[in-house]
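What follows is one structure encoded as structure tokens, with my remarks underneath.
The values are calculated or read from the model by the stated rules, or taken from the named source; none is laboratory data. These numbers come from a predicted model, not from an experiment. Counting neighbours? That spans all protein chains shown, and the Cβs are built from the backbone with ideal geometry, glycine included. Heads up: the accessible areas ignore ligands, DNA and RNA and are worked out on the full protein's heavy atoms, side chains in. Shrake-Rupley method; radii C 1.70, N 1.55, O 1.52, S 1.80 Å.
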Amino acid sequence: CAETRQPDAFVKMPSQMTMSGQDHNPVVFSKSSRPQSGAQGMAQAQRAGQVQAAPRQPPGSASTSSGISAAQLENETDELKHAQVPKELKQAIQKARMAKGLTQKQLAQQLNMQPQTINEYENGKAIPQNAEIAKIERALGVKLPRVKKK
């Protein structure tokens, strides 16, 4: 029995070669409009909701970072003073360091600190954290007064 084989259905190719996914529309490059500066630009930005205007404070009533006006801060005496290092702590660090025969630089190297930091502690320019006081106590082998927490 001879089998006759019929050819499979032929795939029909498109009659014209068209490139799908191509866009042949012209592309136009132009300068974008720059925002205006000055009063006109500010007014335009406010209309667009990009800027909010805050009322100005009258001269002489500028507020500080703590929210108190500069005039109030100037007139205040005791309540708004900077925190200071207690005199006993400054002297105790210096006396213990001198008793051990260490310079500020040597003590700073032992504590992995900057020599300037030890200098600031001894001069009262910087207030050490209690953890830093504990490190100094261990290095010098003395008990130092602690800074009061606020």
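For the range 88-138, rounded, prolate or oblate, judged on the Cα gyration tensor with a ≥ b ≥ c (square roots of eigenvalues), a/c < 1.5 rounded, else prolate if a/b > b/c? List each step's numbers first, then the result.
On the way: a/c = 1.24, a/b = 1.11, b/c = 1.12.
In terms of gyration-tensor shape, rounded.
Close amide-amide hydrogen proximity is noted between Gly124 and no other residue 5 or more places distant or on a separate chain, at a cut-off under 5 Å (H modeled in the peptide plane; Pro and chain starts excluded). Among the protein heavy atoms, those of Val28 account for about 120 Å² of accessible surface (1.4 Å probe, every chain in place).
Test of understanding: extend the Cα→C-beta vector of Val142 to 7 Å, then name every residue of the range 91-115 with backbone N under 14 Å from that spot. Residues 91-104, 107 fall inside that zone. Between the amide H of Ser69 and those of Thr64, distances stay under 5 Å, these residues lying 5 or more places away or on another chain, with hydrogens modeled in the peptide plane. Fully extending the segment from Asn130 to His24, taken as 0.36 nm per residue of separation minus the present Cα-Cα distance, adds 30.8 nm.
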